[in-house]
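Contents: one structure, followed by commentary.
The values are calculated or read from the model by the stated rules, or taken from the named source; none is laboratory data. All values derive from a computational prediction rather than experimental measurement. Neighbour counts are summed over all protein chains in view; Cβ atoms, including those assigned to glycine, are modelled from backbone coordinates with ideal geometry. Calculation scope for accessible area: heavy atoms of the full protein, side chains included, ligands and nucleic acids excluded. Shrake-Rupley method; radii C 1.70, N 1.55, O 1.52, S 1.80 Å.
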Amino acid sequence: MSLSELPSPVWPIVVLLVIQAADAAILLRPPKFIVDCLESVGFPRDWWWALSMAKAASVVGLTAGIWIPGVAMTTTAAVIVYFILAAAAHIRARALTTTFWVNCLGMLLLSVAVLVVSFVRW
């Protein structure tokens, strides 16, 4: 098993960056289910903007990483860490609603799948 520095195939990276871009945009004026989610884990409202910026930064990294070796792989790993921390926040707050199971764990699984499919060579 080895790792590739450039994604191949590229389409999983594109899927992840589109989702992250949409999420970054949605977080600028979050709908009720996101507000409820952030409040349920006790994430301070004054810091909600930082989530949007982190997701926007991941879009930049994923896009650049299509052509720059190592960047998309590193960014995908950072997205995985983001969702591990989000999952930990949900578990700590005992906020184990549908949002946790579908959105948080779903994105964690998707991110891991993108890393494996686009970068791991068997």
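Within segment 69-92, restricting attention to residues that are exposed (fewer than 13 other Cβ atoms within 10 Å of the Cβ) and closer than 14 Å to Leu109 by Cα, which residue is nearest to the chain's Cα centre (by Cα)? Per the criteria, the residue is Val81. Looking only at segment 94-104, which residues are over 24 Å from Val117 (Cβ atoms), among the aliphatic types (A, V, I, L, M) and open to solvent by 40 Å² or more (accessible area, probe 1.4 Å)? Passing the criteria: only Leu96.
Would you pick out the residues in segment 58-83 that are in contact (Cβ under 8 Å) with a residue 40 or more places away in the chain and assigned to a helix (DSSP H, G or I)? Within segment 58-83, Ser58, Val59, Leu62, Thr63, Ala72, Met73, Thr76, Val79 meet the criteria. Within segment 3-57, restricting attention to residues that are in a helix (DSSP H, G or I), charged (D, E, K, R) and closer than 18 Å to Ala78 by Cβ, the residue that is most open to solvent (accessible area, probe 1.4 Å) is Asp23. Only one entry in Ala87, Ala95 is small (Gly, Ala, Ser) and not in a helix (DSSP H, G or I), namely Ala95.
Scanning segment 84-103 for residues that are in contact (Cβ under 8 Å) with a residue 60 or more places away in the chain and within 23 Å of Leu62 (Cβ to Cβ) yields a single hit, Asn103.
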